[in-house]
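J.: Take a look at the following structure, please.
The values are calculated or read from the model by the stated rules, or taken from the named source; none is laboratory data. Quick caveat, the model's predicted, so the values are computed rather than measured. Don't worry about glycine lacking a Cβ; one is built from the backbone with ideal geometry, like all the others, and counts go over all protein chains shown. Just so you know, the surface numbers come from the protein's heavy atoms only, side chains and all, with ligands and any DNA or RNA stripped out. Shrake-Rupley method; radii C 1.70, N 1.55, O 1.52, S 1.80 Å.
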Amino acid sequence: MPHAEPWLERAPLLLRDAVNALLPAPARWWVDSFLDIAVLLGVFGLLFAFLTLAERKVLGRIQNRPGPNRAGWGGVLQPFADGIKMLTKEDIVPRLADPILHFAAPVALVAFSLMSFAVIPYGRHLLALDMDSGVLYFFAAGASSELAVFMAGWSGRNKYSLLAAMRALAQLISYELPLLLSFVPVVMISGSLSPSAIVTAQGGWHLGFIPRWNVLTPWGFAGFAIFMVASLAESNRSPFDLPEAESELIAGHLTEYSGFKYALFFMAEYFGMCALGGMAVTLFLGGWQAPCAFLGFIPSYAWFGAKLLALLLGFIWIRATLPRLRIDQLTRFAWKFLVPLALVNLVTVGFWHLSASWSRGFDPLRWAIAIALVVIPFVAMGRRLSAGLGPRTYRFAAQ
Amino acid sequence: MSTLQACLLLSSLLFSIGLAVAIARSSAILVLMGIELMLNAASMNFIAFWRFGPNPEAATGVLFALFAIAVAAAEAAVGLALVIALYRHQRTIRLQEATRLKG
Amino acid sequence: MNAVLAAIALLILASAGIALTLRNIVRSVILLVVTWFGIAAFYLWAGAEFVAFAQVLVYGGAVSMVVLFAVLLVRHGKAGVAETPAPSGRIVSALLAGGAIAGALAGAVALTPLAPAAGPAPFAPVRHIGVLLLNTHAASLLAAGAILTVALLGGVVLAAGGGPEKEDGP
Amino acid sequence: MIEASTDALLPSPGSRVRPVRDPFHGDLLEVSMGPHHPSTHGVFRMVATLDGETIVRLKPVFGYLHRNHEKLGESTTYLASMPYTDRLDYLCSMTNNWAYALAVERLIGQPVPERAEYVRVILAELTRLLNHTCLAGFLLQDCGASGTPLMYAFREREKILDLFESLSGSRMMCNYQRFGGCRVDPGAHWLAAASRVTEGYGRFLDEFEALLTGNEIMMARTQGVGPLSAKLAVAAGVTGPMLRAAGVAYDIRKVDGYGIYPRFNFRVPLGEHGDTYDRYMLRILEMRESIPILRQALAEIPAGPIMDPKARLRGLRPKAGESYGRIEGPKGEIGFYLVSDGTPNPYRYRVRPPSLINLTILEDLCLGRTIADAVIILGSVDIVLGEVDR
């Protein structure tokens, strides 16, 4: 409906044009870029602040306790109180630490995680950088972040940090592969590495009400599930928070950090979570597309935001629910379960693509075969993974 | 000096640094890194010639660089596995001390 | 445009040069990662964005991890990562060899009359690269895939296989 | 009963214990976990020697909370030691009190009125619920479940602590038992409140188990981790749920039949593998068995005095002699050994702390496991440092 776009949809464009009209032509590119960066930083900075609050509040609700409720009405000022506290705390650098790497690690981590935001389409007209190989750029930026975790763990000269660095490396090597493999089906179907093209390819509705989102196909659902699990691991969230496993390694790679550098790590964690969530929305959940045709009057960026927030709440919910895996179980899960499943998913999507021209009558058969291709390996490999585990029955001593 | 020559100069300097790393360092890991640098310098040349060459539509330089990256990754994986195997057998990664092929 | 190239060149050469002289292996490796990022920036500057991102993914994401993992696995002694310096003779010969190669290459580059087509950056969209990869260069792609697979298997066998201590792989 | 032998304690020839410096394997990493570590359950230290993340040696170091408990007991009167026993295992002050009262009552031949016996059973089983609930919560916390099971467990713990508070005036340091009975009489209101807590507990356990017992990650983390053989358990003197998880049917409530326990009908669950999952499940099953005991005791409790009117608390001078009083505490056999020389103070006052003795086999359980396993194995041993160090 490009002819009848509501003004809310075009509001960002109008704003940008208004700013541009004030400026001489040569300055426009610079000011536009600066505006993009400033808006991204502002929006995600605020989102970060309130996400910390939301996480603590939601965890509190799940755990039968109120959560922070002192600063401001219901605790809304808590993020700012935290920020002031972090800024005024002493910054301690251990005497034996490698000072350069110790400083560079949090900075690099935040920088890398911020870079990912450039290529996510937040709305129909909201995209900082429309890049031909944007998805590749996104994962290239994300892949570098574990390097920063390693730097943090290694530079502190703390044994817990060192163990955390080893864990971070093992985790990255294991989970990079399923993460990359899980989005290949999307690229195969939409024939593009550009996020905006991928979102456009998911437009429209089956039968007028079922959205053509990738997640609503067998291969898309499997890919989405693998992507979400791998992104939990990539952003070091529970149950894959091994590098900072607080019950084993104190705080892992964060053990020797204090003050604002410590806060930077949290910022990077939430930024990474937002970026991966945003990419999951883009790749699988239809990006900024509305779920139903008659809801199209709501601006696209609101849909994107709603889907992103739903995913983030899912992240928090998982954190409140699951115990942590052990490092060998973590790598085994990646190599023996996620990677084969992602490879099988490639076969599934190949079949899906080739059978796209099947006529109406064979459509249920196509679905059945695709679902079987996804479900059977899932069940078989899941059985093998949890072999020997199960509830037990207990006997009682004779009286 | 044209831009292409500047690019080639840059890559040849990087190549010689890589060579110096490979010769001067005694840690097997860093020797491998030096070789990686030399490979990278070669890839830079491919890209430079593609960018400023007469026939950019063929994209041969890009493809060559891609293949070079893939092969470099394989080289790094095997090389570092060799380093670890060497360390297991002889408890050293100093190339000067690793003088035997038998474990 | 040349200012950008100069900045990239400075980044690449400075980080590689300092990495050459540092004794601390971890710092050396991290500086080399910076070099790789610089090379990716060079690719980006030259308009080959697909290669640039592949470079970052493969080098920044995978190779650097494997290298650092190897450094940690073969950590020896208390200091762990400080390398014993090489004998001065070898350093001199290394510098001589490097300098000679650099001089020869630079001379060759400077003396060769290269008339570049100084047009705008050629466009190499991903789709174009993909089509080329799967049509013209399909055989090379298969070969690269085979090499990677064999290398992966070989790496696993080498790193996890036998040795004096019969233990499970890392 | 399985035959005890001491050679199970010595490292066998194929032992996996390795020295820190080993010319063949290179340097191992020695990590000092604790005394300030989030998962050592107090000021406890484990010097773990790691090969990668695998533990090749683990030395427990205690003593950071040593308070000279036994010597204090020998330099003060019998009654004055009672509040100190609260501080041994500060989660289970009621059972500590009872074990100490039992030892003194045996020393002086003091009978206990019927009502007090019932109150003691009620309090001991409530303490068992309290302790096991906390343990399950802490164990899951050690597994990395960010606080949710722990907060659920603490919600139930609060209810029992409220009962203790309304009865004794203190939530944790109850100081409630006396030689020859209990300090104050629980009124009908209190008994009704205890009844309500008892009736609600089954539902809480169902909820807790639905959340956790079938959890795939929980099973993967605990099943097969840190198995304890019955032989080693018996040889090391391990008692309580840990011993029963190893498959040895030994419950002092059945073996000794102290107090009025023979009147109650309850079962003793046994594990088969002796691993962390068994130790966790045994506690859940024991809680389920405690509920009928509580129900029966609350229904049958007779009226009458709570204290033997002829009991003497002050100026107690037992005849020369010795006695040992032990009960099945939530963590295992808690016992007090007293020697009297006829003076107001005991000549020898000795505590048999289940936490300490169960902890001695920690290295055997942790060898060859990863550091993450060591944390949950320690969690499943169930220690309170006040009792370990005394």
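Yes/no matrix, rows are residues, columns are (1) under 11 Å from the mean Cα position of the chain (by Cα); (2) assigned to a helix (DSSP H, G or I):
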residue: A:Ile226; (1), (2): no, yes
residue: A:Leu232; (1), (2): yes, yes
residue: A:Pro239; (1), (2): no, no
residue: A:Leu264; (1), (2): no, yes
residue: A:Gly272; (1), (2): yes, yes
residue: A:Ala290; (1), (2): no, no
residue: A:Phe304; (1), (2): no, yes
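J.: Tell me whether segment A:340-350 contains one or more residues that are in contact with a Phe, Trp or Tyr (Cβ under 8 Å, 6 or more places away or on another chain), on the phi < 0 side of the Ramachandran plot and not in a helix (DSSP H, G or I). First the steps, then the outcome.
T.: Initially, segment A:340-350 is screened for residues in contact with a Phe, Trp or Tyr (Cβ under 8 Å, 6 or more places away or on another chain), giving A:341, A:345, A:348-349.
This time we only want the ones that are on the phi < 0 side of the Ramachandran plot, so: A:341, A:345, A:348-349.
Filter again for not in a helix (DSSP H, G or I), leaving none.
So far as segment A:340-350 goes, no, none of its residues is in contact with a Phe, Trp or Tyr (Cβ under 8 Å, 6 or more places away or on another chain), on the phi < 0 side of the Ramachandran plot and not in a helix (DSSP H, G or I).
J.: Helices (runs of 4 or more DSSP H) wholly in segment A:1-120 with at least 1 residues that are touching a residue at least 12 places away in the same chain (Cβ under 8 Å) and touching a strand residue (DSSP E or B) at 6+ places or on another chain (Cβ under 9 Å) - which ones?
T.: Values: elements: A:7-21, A:25-62, A:78-88, A:99-115.
Helices (runs of 4 or more DSSP H) meeting the threshold: A:7-21.
J.: For residues in segment A:55-67 being of a type outside the set (A, V, I, L, M, F, W, C) and open to solvent by less than 20 Å² (accessible area, probe 1.4 Å), which is nearest to D:Glu156 (Cα to Cα)? Steps first, answer last, please.
T.: The first filter runs over segment A:55-67 and keeps only residues of a type outside the set (A, V, I, L, M, F, W, C), leaving A:55-57, A:60-61, A:63-67.
Subsequent filtering for residues that are open to solvent by less than 20 Å² (accessible area, probe 1.4 Å) retains A:55, A:60, A:63, A:67.
Working: A:Glu55: 24, A:Gly60: 17, A:Gln63: 13, A:Gly67: 19 Å.
Among them, the one singled out is A:Gln63.
J.: Which one of A:Ala197, A:Ala148, A:Ala141, A:Ala165 is farther than 30 Å from A:Leu249 by Cα, within 11 Å of another protein chain (Cβ to nearest Cβ) and touching a helix residue (DSSP H, G or I) at 6+ places or on another chain (Cβ under 9 Å)? Give the derivation first.
T.: Numbers: A:Ala148 fails: farther than 30 Å from A:Leu249 by Cα; A:Ala141 fails: farther than 30 Å from A:Leu249 by Cα; A:Ala165 fails: farther than 30 Å from A:Leu249 by Cα.
So the residue among A:Ala197, A:Ala148, A:Ala141, A:Ala165 that is farther than 30 Å from A:Leu249 by Cα, within 11 Å of another protein chain (Cβ to nearest Cβ) and touching a helix residue (DSSP H, G or I) at 6+ places or on another chain (Cβ under 9 Å) is A:Ala197.
J.: Being in a loop (DSSP other than H, G, I, E, B) and out of contact with any strand residue (DSSP E or B) (no Cβ under 9 Å at 6 or more places or on another chain) is the filter; apply it to segment D:272-305 and report the residue that is surrounded by the most Cβ atoms within 10 Å (Cβ to Cβ). Even if it seems obvious, please write down each step before you answer.
T.: From segment D:272-305, those in a loop (DSSP other than H, G, I, E, B) are D:272-275, D:301-305; that's our starting set.
Going one step further and asking which of them are out of contact with any strand residue (DSSP E or B) (no Cβ under 9 Å at 6 or more places or on another chain), we end up with D:273-275, D:301-304.
Values: D:His273: 19, D:Gly274: 25, D:Asp275: 22, D:Ile301: 18, D:Pro302: 9, D:Ala303: 7, D:Gly304: 11.
Filtering first and then ranking leaves D:Gly274.
J.: Still on this structure, I have one more. On the basis of being open to solvent by less than 70 Å² (accessible area, probe 1.4 Å) and more than 22 Å from A:Ala268 (Cβ to Cβ), does A:Asp132 make the cut? Give the steps one after another, and end with the answer.
T.: Values: open to solvent by less than 70 Å² (accessible area, probe 1.4 Å): yes; more than 22 Å from A:Ala268 (Cβ to Cβ): yes.
Judged against the criteria, A:Asp132 is a match.
J.: Okay, next question. Only one residue in D:Leu107, D:Leu140 is more than 22 Å from D:Ala303 (Cα to Cα) and open to solvent by 10 Å² or more (accessible area, probe 1.4 Å), so which one is that? Spell out the reasoning first.
T.: On the way: D:Leu140 fails: open to solvent by 10 Å² or more (accessible area, probe 1.4 Å).
Checking each option against the conditions leaves just D:Leu107.
J.: Does D:Lys159 satisfy the criteria of being within 14 Å of chain A (Cβ to nearest Cβ), outside any loop (DSSP other than H, G, I, E, B) and open to solvent by 30 Å² or more (accessible area, probe 1.4 Å)? Break it down into steps so the answer makes sense when it comes.
T.: On the way: within 14 Å of chain A (Cβ to nearest Cβ): yes; outside any loop (DSSP other than H, G, I, E, B): yes; open to solvent by 30 Å² or more (accessible area, probe 1.4 Å): yes.
In short, yes.
J.: Of everything in segment C:41-70 that's more than 8 Å from chain A (Cβ to nearest Cβ) and surrounded by fewer than 24 Cβ atoms within 10 Å (Cβ to Cβ), which residue is nearest to the chain's Cα centre (by Cα)?
T.: C:Val58
J.: Just the residues that are open to solvent by 30 Å² or more (accessible area, probe 1.4 Å), facing another protein chain (nearest Cβ under 7 Å) and over 17 Å from A:Pro243 (Cβ atoms), please, taken from segment A:305-333.
T.: Across segment A:305-333, the qualifying residue is only A:Thr321.
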